[in-house]
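Chemist: Have a look at the structure that comes next, please.
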Amino acid sequence: MNFEIQKRALSSVIRDDLDALLVLWPSDDKDVVSGQDPIASLVRAAIQHGDFEHKPGAVLSLYAHPGIKARHLVIACTVDGTSVHVRGALTAAWNTLKSAKIKRIGIHAAAELSATALQTAVTALADASYSYTSTLSKPKPRTLKQVVVSAGQIGAELRVALTQAQALVAGVEVAKEWANRPANHCTPVMLADAAKSIAKGAAFKCEVLGPKEVTKLGMGAFLAVARGAAEPLRFIVMRYNGAAAAQAPVVLVGKGITFDTGGISIKPAAEMDEMKYDMCGAASVLGVFKALGELKPAINVVGLIPATENMPDGLAVKPGDVVTSMSGQTIEILNTDAEGRLVLCDALTYAERFKPQAVIDIATLTGACVIALGAVRSGLFSADDALAHSLQLAGNESGDACWRMPLDDDYAEGLKSRYADVANVAGRQAGAVTAAKFLQRFSSRYPWAHLDIAGTAWRSGAAKGATGRPVGLLLHYLLAQAGSKLVKAPPVRRR
Ligand code: BES
Ligand code: MN
Ligand code: ZN
């Protein structure tokens, strides 16, 4: 997909040769609503007849309208112009076009276009028009090729916002692609190859460790999970250096379980296919690196991905087994389905060698987080207030929000073990928090945050598919750290 931005009046855009023209219509801009152009009078008539209300999701759709060169014209109400409403307007507008073969689309902002609205419009359109093709014999690839964004006024800030949105879209689509692939098309080795090719394309470093090196490092927890798998494990280390070597990096750690059967503590059959998404944390790290390679911000970032399948097998780790993690702490594995924290804890110890300014792990870690927060916000866990606030802000700005959860020490009570320093599971209560408390034991040497994306990384049901989250949140955070925000902060909405 190719994106352009132009300073144009609506009266001129309607003469453009487009398959579809999408007009973002505000609800309260007097100049726009009382305008003299043909579209304004058309909207006024529709409002008068009650056919176009100023509410989220309202669209007015026309075909081959005289005086408008685009085949399709869709007017979509952006209500108060916040990310949520712009996203809603774009999605509703795209849904009216879905069956049409749209190659060239125009998005025109009838009122002032903010950097946030521009970014939201572009990412929402990319999201709605995405099409998975990799494992289909007759794929239906996305037809959309060209997106022309226009508004009456275009400042330098909007041009920067478009460049960044474009990189974000590329990153999100890398994350979606790898997350959507079935496990036999996304093994640890294939994930490592994907990391290498992203690194090669952008000239940064990528090192891949196998079972031998991981054994030498003493990653007993990671190795325990990989024991049952025939597919060999990989530990992926990506290094993007955009700042001086002396500057401490941010380390991103992505859970890369390419398939989670639960191991000997095997999962029920229903919906087990969705456990191919158990590497969405890893996919988000790949997506972030793709975007970093395009934008080249002034920051150092390390990406770590412990990748393996979690399988039942004669050699598989058994409930009650005690293993020694890279940190030296022993772990009693009471449930082999709590494998994410086992691969992550060794990666968190490995992260110490980078003397990081912050470490953020991203994981489809617990079903309990899905129950707590659903598909709307990711779970955020951090004892570091400054880091937590930066991540919350990045989430709000990017429309990829998270919600801070508690980390009181009392929650760690259930992790006590008679046979090891710590058990890998606690009781049924507060499962997302006890998982985070387990990880916290391995991340005491630097500011740390954990994002549980079990509810937000993919959608189930009819619209099954990866969302590409939280690439938006992470990229916003990193660009803010680099001193170049993706977009200006929008007004904070109280909820
Ligand atoms: N990958 C799962 C978490 C998960 C489950 C994400 C369902 C999304 C939907 C993780 O490895 C897991 O199995 N967690 C267990 C932990 C439990 C054994 C303490 C869970 O949440 O049930
Ligand atoms: Mn599991
Ligand atoms: Zn898992």
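Chemist: Angle between the Cα long axis of helix 188-202 and the longest principal axis of the chain, 0 to 90 degrees, nearest 10?
Modeler: Helix 188-202 and the main axis of the chain meet at about 50 degrees.
Chemist: Moving on to the next point. State which stretch of the chain is the longest one without any exposed GluC sites (Glu not before Pro), exposure meaning a DSSP loop state and at most 15 other Cβ atoms within 10 Å. Intermediate values should be presented prior to the final figure.
Modeler: On the way: sites that count: E53, E112, E271.
Between exposed loop sites, the widest span is 272-495.
Chemist: Which of the three applies to the range 7-166, rounded, prolate or oblate, going by the alpha-carbon gyration tensor with a ≥ b ≥ c and a/c under 1.5 meaning rounded?
Modeler: Numbers: a/c = 1.61, a/b = 1.33, b/c = 1.21.
Prolate shape, in that a/c is at least 1.5 and a/b is the bigger ratio.
Chemist: Would you please state which residues of the range 1-44 a label at Q153 would reach in this model, taking the label point 7 Å out along Cα→Cβ and a backbone N cut-off of under 15 Å?
Modeler: Under cut-off, by backbone N: 7-9, 29-32.
Chemist: Which percentage, to the nearest 5, of the DSSP beta bridges contained in the range 375-495 is antiparallel? Before the final figure, lay out the partial values.
Modeler: Working: 6 of 9 bridges.
Approximately 65 percent, going by the DSSP bridge assignments.
Chemist: Helix 471-481 versus the longest principal axis of the chain: what angle, 0 to 90°, nearest 10, using Cα atoms?
Modeler: 90 degrees
Chemist: For the range 21-55 and the range 63-96, what is the separation of their Cα centres, given in Å?
Modeler: 11 Å
Chemist: Here is a further query. Going toward the positive end of the dipole of the range 318-466, with +1 on Lys and Arg Cβ and -1 on Asp and Glu Cβ, which of G427, F381, Y411 do you reach last?
Modeler: G427
Chemist: Between rounded, prolate and oblate, where does the range 367-495 land on the alpha carbon gyration tensor, with a ≥ b ≥ c its root eigenvalues, rounded for a/c under 1.5, else prolate if a/b exceeds b/c? Please report the intermediate quantities before stating the final value.
Modeler: Details: a/c = 2.34, a/b = 1.46, b/c = 1.60.
Oblate, since a/c reaches 1.5 and b/c is not below a/b.
Chemist: Working out 0.36 nm times the residue gap between L217 and N184, then minus their Cα-Cα distance, what length gain in nm do you get to one decimal?
Modeler: Values: separation 33, 0.36 × 33 = 11.88 nm, distance 2.78 nm.
Net length gain for the segment: 9.1 nm.
Chemist: Continuing with the same structure: Exposure proxy check: D337, D410 ranked by fewest other beta carbons within 10 Å? Please list the in-between numbers first.
Modeler: Numbers: D337 20, D410 10.
Result, fewest neighbours first: D410, D337.
Chemist: In what sequence do K140, K103 fall when counting other Cβ within 10 Å, fewest first?
Modeler: Working: K140 9, K103 12.
In order of increasing Cβ crowding within 10 Å: K140, K103.
Chemist: Mind checking the dipole of the range 308-363: about its Cα centre, +1 per Lys or Arg Cβ, -1 per Asp or Glu Cβ, Debye to the nearest 20?
Modeler: Numbers: 4 positive and 9 negative charges, 56 e Å.
Charge dipole of the range 308-363: 260 debye, to the nearest 20.
Chemist: Summing -39500 (n - 2.57) over the DSSP H runs of n ≥ 4 in the chain and dividing by its residue number, what mean residue ellipticity at 222 nm do you reach, to the nearest 500 deg cm²/dmol? Write out the running numbers ahead of the final one.
Modeler: On the way: 15 runs with 172 residues, N = 495.
Per the formula, -10500 deg cm²/dmol.
Chemist: Rounded to the nearest 20 Debye, what is the dipole magnitude of the range 141-241 about its Cα centre when Lys and Arg each give +1 and Asp and Glu each give -1 at the C-beta?
Modeler: Numbers: 13 positive and 7 negative charges, 32 e Å.
I would put it at about 160 debye.
Chemist: So, one more: R15 to S61: extension gain in nm, 0.36 nm per residue of separation minus the Cα-Cα distance? Each step should come with its number before you reach the end.
Modeler: Numbers: separation 46, 0.36 × 46 = 16.56 nm, distance 1.74 nm.
Result for the pair: 14.8 nm of gain on full extension.
Chemist: In degrees from 0 to 90, rounded to the nearest 10, what is the angle of the helix 83-97 Cα long axis to the longest principal axis of the chain?
Modeler: 70 degrees
Chemist: OK, next. Near D278, within a Cβ-to-Cβ distance under 13 Å, what is the net charge of the other residues, with Lys and Arg +1 and Asp and Glu -1? Working shown, then result.
Modeler: On the way: positive: R181, K255, K267, K276, R341; negative: D260, E271, D273, E274, E309, D337, E339, D452.
Here the count lands on -3.
Chemist: State, to one decimal in nm, how far the label point of V322 lies from the label point of R459, with both points 7 Å from Cα in the Cβ direction.
Modeler: 4.8 nm
Chemist: May I pose another question? How would you rank K55, K212, going from fewest to most other Cβ atoms within 10 Å of each one's own Cβ?
Modeler: Values: K55 11, K212 8.
In order of increasing Cβ crowding within 10 Å: K212, K55.
Chemist: Here's another thing I want to ask about it. Classify the range 185-245 from the C-alpha gyration tensor, please: rounded if a/c falls under 1.5, else prolate or oblate depending on whether a/b exceeds b/c.
Modeler: It comes out oblate by the Cα gyration axes.
Chemist: Looking at the chain, send over the antiparallel percent of its DSSP beta bridges, to the nearest 5. Show your work: numbers first, answer last.
Modeler: Details: 28 of 75 bridges.
Counting only bridges with both partners in the chain, antiparallel ones make up about 35 percent.
Chemist: Select from the range 1-98 those trypsin sites (Lys or Arg not before Pro) which occupy a DSSP coil region and have at most 12 other Cβ atoms within 10 Å, ordered by residue number. Could the numbers behind the result be given before it?
Modeler: Details: sites: K7, R8, R15, K30, R44, K69, R71, R87, K98; in loops: R8, R15, K69, R71, K98.
Those satisfying the criteria are R15, K98.
Every number in this text was worked out from the coordinates using simple rules, so none of it is lab data. Note that the structure is a prediction, hence the values are computed from the model and not measured. Positions of Cβ are backbone-derived with ideal geometry, glycine not excepted, and every protein chain shown enters the neighbour counts.
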